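Contents: one structure, followed by commentary.
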Amino acid sequence: METGVGVEPSAPPHGPEEGLAMTRPRGEATRRRLLEEAIKQFGRGGYQGTSLESVAGAAGVRKQTLLYYFPSKEVLLEACVGKTSERVAAALSEALEAESSSSRKAEAVIHTIFRLAEEWPEFPQFVREAGRLGPDVVARFAGVLEPLRLRALAFLARGMKDGQIRRQDPALLLFTLYTAVIGSITEAGVLRAVVGEDRGRMALQRREREVLSFVRNALAPTGERVEEPPARRARTSG
């Protein structure tokens, strides 16, 4: 993938330092740990501000081991984009399947995205950074979500035809909704890093209510006005 964000030297063509006898489950766990740490560091420090040494060290391995799984920094970034987009796609697909009411599917998507941002703080931070790295990175993320985008367009077009959704350009409406949701979670993610966990969570939940109100009014047939949804009770850990 050509991202224009730079490539580090490839690793030598030999196995990880833990030895050739590394079991597959252990190798998968190491790879997963490296990806999780890379997503966290790319999101917090940016692509340029993150080194392979820091990712490897935080994951408990040496740089040589990281390079066995990801031969360059660019390959690591691509894998992080893939992991993030696949997790988002899986969560959205599950939410859409669980919601039987067509009129509430849009809200199910919003709840899912915000819940994901709350449970996985690195997600909005990484998405924000990925969006800065050029169209190829964005296209890689969008490619995994393309089936869901087409599904959403069909849902909007059908709702407009049936008179349940205000008639407008479905593609433009979807882009507007996407921008509102992603913009809100990334903004709340930055605030969370600045003001702390509790206040950041409250900001995220406030943004969720605002986006829900915006989406309900954007989808409502002409002349209808939807009241703002009530505050959602804060989730408690444990």
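What follows draws every value from the coordinates through simple rules; no lab data is involved. If you're wondering where the values come from, they're calculated on a predicted model, not measured in any experiment. In this analysis, Cβ positions are derived from the backbone assuming ideal geometry, glycine residues included, and neighbour counts consider all displayed protein chains.
Extending 7 Å from the Cα toward the beta-carbon at both Arg199 and Glu187 defines two label points whose distance is 1.7 nm.
Report the calculated FRET efficiency for Ser102 and Arg209 (r = Cβ-Cβ distance, R0 = 25 Å), to the nearest 0.05.
Computed FRET efficiency for Ser102 and Arg209: 0.65.
When peptides 145-151, 66-72 are ranked by their average number of other Cβ atoms within 10 Å per residue, the highest-first order is 66-72, 145-151. Once the Cα-Cα distance is subtracted from the 0.36 nm per residue extended length, the Ala29 to Gln48 segment shows a gain of 4.3 nm.
Given 10 °C and 1.306 mPa s, how large is the Stokes-Einstein diffusion coefficient of segment 90-150 in µm²/s, with Rh as the Kirkwood radius over Cα pairs?
Working: Rh = 12.8 Å.
Translational D for this selection: 124 µm²/s.
Going highest first, how would you order 161-174, 126-139 by mean Cβ packing within 10 Å?
On the way: 161-174: 13.8, 126-139: 17.7.
So the peptides 161-174, 126-139, ranked by packing, come out 126-139, 161-174.
What whole number of Å gives the distance from the Cα centroid of segment 165-208 to the Cα centroid of segment 78-112? Rounded to whole Å, the Cα centres lie 15 Å apart.
Can you work out the FRET efficiency for the pair Thr176 and Arg151, with r the C-beta to C-beta distance and R0 = 22 Å, to the nearest 0.05? Before the final figure, lay out each step's value.
Details: r = 17 Å, r/R0 = 0.79.
Here the calculated transfer efficiency is 0.80.
Taking the Cα atoms of segment 80-219, the ratio Rg/Rh between the radius of gyration and the Kirkwood radius comes to 0.96.
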